[in-house]
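Derivation of every value follows stated rules applied to the coordinates shown; laboratory data play no part. Given the structure is predicted, the values throughout are model-derived calculations rather than measurements. Neighbour counts run over all protein chains shown; Cβ positions are idealised from the backbone, glycine included.
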């Protein structure tokens, strides 16, 4: 696993596939990204992953790719890498992954802002982009994630699915990882 951390730019032509972007709540979301990568590494020994975490764990610091530090807002950096991963996903070499955990009770978001505030908008935007560009997006969510029924209905509509078909949202992090692996393995 090779990790790309916030505000680091690298030469993406050097990146081998598969390539993932892990989107979802950071503040108050617990350490889900590390767990996701641990599970992913059991099936995919080599991959690149963009981890937009404000406080990356030691695991991510140890596996980070060195590059140039930029002085832009993190949202600009995130959009840049989501666009790159999104483009590659059309060739089945990666995907944008959303995991939507319930808010961590021991370490909730404590900055006065609503939990998963940015994630709702990002998921809506990237759902539409993926549907319009035939890109791949994998979404998983704890069943208790607030508003998951509305999110599922919106994604169903974005992808032009009938109400009985729905849009697959995986209910465990393990199922979500299995779907990601299934998507990129030949």
Equivalent ellipsoid dimensions for the stretch 2-184 as semi-axes, Å, which come from the Cα gyration tensor, largest first: 23, 20, 16
Computed label-point distance, nm, for sites residue 57 and residue 117 using a 7 Å Cα→Cβ extension: 2.6
For the chain, built as a Gaussian network whose Cα springs stay under 10 Å, the top-fluctuating residue of 169, 151, 137: 151
The chain, helix-only ellipticity at 222 nm - DSSP H runs n ≥ 4, -39,500 (n - 2.57), divided by all residues, nearest 500: -12000 deg cm²/dmol
Most fluctuating residue given options 149, 11, 83, as computed from a GNM of the chain linking Cα atoms under 10 Å: 11
Extension reserve of the residue 14-residue 142 stretch, reckoned as 0.36 nm per residue once the Cα distance is removed: 42.6 nm
Residues of the stretch 64-95 with amide N under 19 Å of the 7 Å Cα→Cβ point at residue 7: 64-82
Contour excess over end-to-end distance, with Cα ends at residue 165 and residue 125 and 0.36 nm allotted per residue: 12.3 nm
